[in-house]
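Working notes, structure below.
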Amino acid sequence: MPNMIEVDVAIIGGGIIGASTALELRRRGLSVALIERDFCGARASGVNYGGIRRQGRPLSQLPLAMRAHDIWLNLESHIGIDGEFIQTGHLKLARTEADMVKLEHYAATGADNGLTLELLDGPALRRLYPGLAPTIAGGSFSPDDGHANPRLVAPAFARAAARAGALVLEQREVVWAGSGPRGFLLRCHEGTEVHAARLVNAAGAWATSIAGQFGDHVPMQVLCPTMIVTEPLPDIIPVNIGMEGGGIYLRQAVRGNCVIGGGRGYLVDALRSRPGVSGIEATTKRAVEIFPALRQAQIIRSWSGIEAFMPDKNPVIGQSPKAKGLFHAFGFSGGGFQIGPAVGILLSELIVDGRSFLPVEAFAVDRFGHSPAEPDLDKVPAATESREGA
Ligand SMILES: Cc1cc2nc3c(=O)[nH]c(=O)nc-3n(C[C@H](O)[C@H](O)[C@H](O)COP(=O)(O)OP(=O)(O)OC[C@H]3O[C@@H](n4cnc5c(N)ncnc54)[C@H](O)[C@@H]3O)c2cc1C
């Protein structure tokens, strides 16, 4: 006989999105099963750059980022650890005067949404950060942003959900999802059956295969952002750095290692990715263009993660128009770590109250019109360039 479980809400995917949703739903009193194929936080949520950045996000996401920021500031009381969140500040650089104009425009609209940014011209930047290359035209500084340790934070959300009473099922792959006598029925590979009145699809880069089983098709792209880490170095990178137009992001850990992202790797198969040589070369070249002192640095480690990107860089969040009671939350396009804690609140409000603190039209699953098929992860091509900015 298969192991049978019945809950109010089943969540597929134990990344930061699924786990924060499980936590918030338990706080609202619903019974929850969080079902994860690997270990919670082992995928994009646990291997990302750790950038906790609000500036540069699409304006439709800014309220989510602001709400999440309050949680990051009080992370320990929220999930039991501080996640090594440090408010180093986040500095977005402009390569050209035209890019600086874009930063000025963003700062003005950010201010309308409660985000205070300080604009700095090239000379002012170099006075503050003498290691910066003379070619940098200027920048925009967000003093309260920073970075955290994703390895610690993502699993901690799942542990907090478990402590709050969620049933956390790890190493359980959902191989079939459909309707059942109590709403939804999920079948896991080893025989577990989960019955639930509501279903959350938080399956990250694999979410379109779940969405497709209910007739929701979206033009999601699966890419493999790549990270490199240098040997411990003297102080070079003062704050969390990003670049207008993307292509590179850098920070320096307390013990001196520089963590640098921006290139892309490739998929080995549907579950494994690897850094690519050309992506690493492009990243190191760009890093040296910003901080020339990195020229002599040794790279000691590299890795890549598997991430879901949407054409407009906005995630899919909200109820399926095809299957009442199915809620999607995927496609975070390189930026789901910072907003993850607030996405859990938003989804719990949608599920329990039928409305949320933020309108979700910009995130509708059907906003792209008809999309015929989901990507076959075995056939995703390798890419070397990246314009996403963590
Ligand atoms: C290298 C890299 C750097 C990044 N840097 C940043 C950054 O600095 N700041 C930022 O905000 N964001 C960043 N991101 C993006 C961020 O990590 C993601 O947007 C976020 O973690 C997505 O969370 P998730 O829960 O949707 O996905 P995931 O963490 O991928 O979780 C989805 C989970 O679903 C599980 N799953 C899938 N299918 C099934 C199934 N059938 N049955 C059971 N379980 C299933 C998977 O095993 C996985 O654990 C980065 C991403 C990468 C890869």
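I want to check a number: in the chain, how many lysine pairs have alpha carbons closer than 27 Å, given a sequence separation of 8 or more or different chains?
Close lysine pairs under the 27 Å cut-off: 9.
For the pair Asp353 and Arg367, how long in nm is the line joining their label points, each one 7 Å along Cα→Cβ?
2.1
Which of the trypsin sites (Lys or Arg not before Pro) found in segment 210-311 are in a DSSP loop and have at most 13 neighbouring Cβ atoms, other than their own, within 10 Å? Working shown, then result.
Details: sites: Arg251, Arg255, Arg264, Arg272, Lys285, Arg286, Arg295, Arg301; in loops: Arg255, Arg272.
Here the trypsin sites (Lys or Arg not before Pro) that fit, given the DSSP loop and packing criteria, are Arg255, Arg272.
Report the full-extension gain for the segment Lys324 to Arg27: residue separation times 0.36 nm, less the Cα-Cα distance, to one decimal in nm.
Numbers: separation 297, 0.36 × 297 = 106.92 nm, distance 2.28 nm.
Full extension of this stretch gives 104.6 nm more.
Carbon and sulfur together cover what percent of the accessible area of the chain at a 1.4 Å probe radius?
Carbon-and-sulfur percentage of accessible area, whole number: 52.
Size of the dipole of segment 177-324 about the Cα centre, Lys and Arg at +1 and Asp and Glu at -1 on the beta carbon, nothing else charged, in debye to 20?
The calculated dipole for segment 177-324 is roughly 200 debye.
Mind jotting down the distance between the C-alpha centroids of segment 203-264 and segment 318-366, whole Å?
What the calculation gives is 22 Å, centre to centre.
Might you tell me the accessible area per residue for the chain, computed with a 1.4 Å probe and given in Å²? Show your work: numbers first, answer last.
Details: 15660 Å² over 390 residues.
Using a 1.4 Å probe on heavy atoms only, each residue of the chain averages 40 Å².
For the chain, what is the charge dipole size about the Cα centre, in debye to the nearest 20, if Lys and Arg each add +1 at the Cβ and Asp and Glu each add -1 at the Cβ?
Details: 37 positive and 39 negative charges, 57 e Å.
In total the dipole reaches around 280 debye.
Out of the GluC sites (Glu not before Pro) in segment 149-238, which ones are loop residues according to DSSP with at most 11 other C-beta atoms within 10 Å? Numbers along the way, then the final one.
Working: sites: Glu170, Glu173, Glu190, Glu193; in loops: Glu170, Glu173, Glu190.
Filter output for segment 149-238: Glu190.
Rounded to the nearest 20 debye, what is the charge dipole size of segment 42-172 about its Cα centre when +1 sits on each Lys and Arg Cβ and -1 on each Asp and Glu Cβ? Don't jump to the answer; show the numbers that get you there.
Numbers: 14 positive and 13 negative charges, 97 e Å.
Dipole about the Cα centre, nearest 20: 460 debye.
Each label point is 7 Å from the Cα along the Cα-to-Cβ direction; what then is the distance between the points at Glu173 and Asn3, in nm?
Rounded to a tenth, the inter-label distance reads 1.7 nm.
What length, rounded to one decimal in nm, is gained on full extension from Asp112 through to Ser77, with 0.36 nm per residue of separation minus their alpha-carbon distance?
Values: separation 35, 0.36 × 35 = 12.60 nm, distance 2.94 nm.
In short, 9.7 nm is gained.
If each residue of separation counts as 0.36 nm, what is the full-extension length gain between Ala197 and Asp269 once their alpha-carbon separation is subtracted? Walk me through the intermediate numbers first.
Numbers: separation 72, 0.36 × 72 = 25.92 nm, distance 3.33 nm.
Working it through step by step, the gained length comes to 22.6 nm.
Does segment 333-373 come out rounded, prolate or oblate, given a ≥ b ≥ c as the square roots of the eigenvalues of its C-alpha gyration tensor, rounded meaning a/c under 1.5 and, failing that, prolate meaning a/b above b/c? Mind showing how you got there, number by number?
Details: a/c = 2.55, a/b = 1.35, b/c = 1.89.
Oblate is the answer for segment 333-373, as a/c is 1.5 or above yet b/c matches or exceeds a/b.
What does DSSP give for the chain in terms of the percent of beta bridges that are antiparallel, rounded to the nearest 5? Each step should come with its number before you reach the end.
Numbers: 47 of 69 bridges.
Bridges in the chain that DSSP calls antiparallel: roughly 70 percent.
On C-alpha positions alone, give me the angle between the axis of helix 16-27 and the longest principal axis of the chain, in degrees, nearest 10.
50
Taking the alpha-carbon set of the chain, what are its Rg and Dmax in Å?
Cα only, the chain: 20.6, 71 Å (Rg, Dmax).
Decide, for segment 113-259, between rounded, prolate and oblate: order the square roots of the alpha carbon gyration tensor eigenvalues as a ≥ b ≥ c, take rounded if a/c falls under 1.5, and otherwise choose prolate if a/b is larger than b/c, else oblate.
Working: a/c = 2.86, a/b = 2.35, b/c = 1.22.
The shape class here is prolate.
Measure nothing fancy, just the Cα-based angle from helix 62-73's long axis to the longest principal axis of the chain, in degrees from 0 to 90, nearest 10.
90
Highest mean first, how do 40-51, 177-188, 198-209, 230-241 rank when packing is the count of other Cβ atoms within 10 Å averaged over residues? All intermediate terms of the calculation are to be shown ahead of the outcome.
On the way: 40-51: 24.6, 177-188: 16.8, 198-209: 26.7, 230-241: 18.4.
Highest to lowest by the protection proxy: 198-209, 40-51, 230-241, 177-188.
Assign one of three labels to segment 1-58, namely rounded, prolate or oblate, based on the Cα gyration tensor with a ≥ b ≥ c the square roots of its eigenvalues; rounded applies when a/c is under 1.5, prolate when it is not and a/b is larger than b/c, and oblate otherwise. Display every interim value, and only then the final one.
Working: a/c = 3.73, a/b = 1.73, b/c = 2.16.
Judged from the Cα gyration tensor, segment 1-58 comes out oblate (a/c at least 1.5, b/c at or above a/b).
Taking a probe of 1.4 angstrom, what is the accessible area of Ile12 in Å², to the nearest 10?
So the heavy atoms of Ile12 present about 10 Å² to solvent.
Could you pull out every residue, at least 5 positions away or on a different chain, whose amide H is within less than 5 Å of the one on Gly180? Hs are placed 1.01 Å off N in the peptide plane, and Pro or chain starts have none.
Those qualifying (amide H under 5 Å, at least 5 residues apart or on another chain) are Leu185.
So how tilted is helix 277-290 from the main axis of the chain? Cα-based, degrees 0 to 90, rounded to 10.
50
Using label points projected 7 Å from each Cα along Cα→Cβ, tell me how many nm separate Val101 and Asp235, to one decimal.
Label at Val101, label at Asp235, 3.6 nm between them.
The values are calculated or read from the model by the stated rules, or taken from the named source; none is laboratory data. Because the structure is a prediction, the values reported are computed rather than measured. Glycine gets a Cβ as well: all are built from the backbone with ideal geometry, and neighbour counts include every protein chain shown. Accessible surface areas use protein heavy atoms only, side chains included; no ligands, DNA or RNA. Shrake-Rupley method; radii C 1.70, N 1.55, O 1.52, S 1.80 Å.
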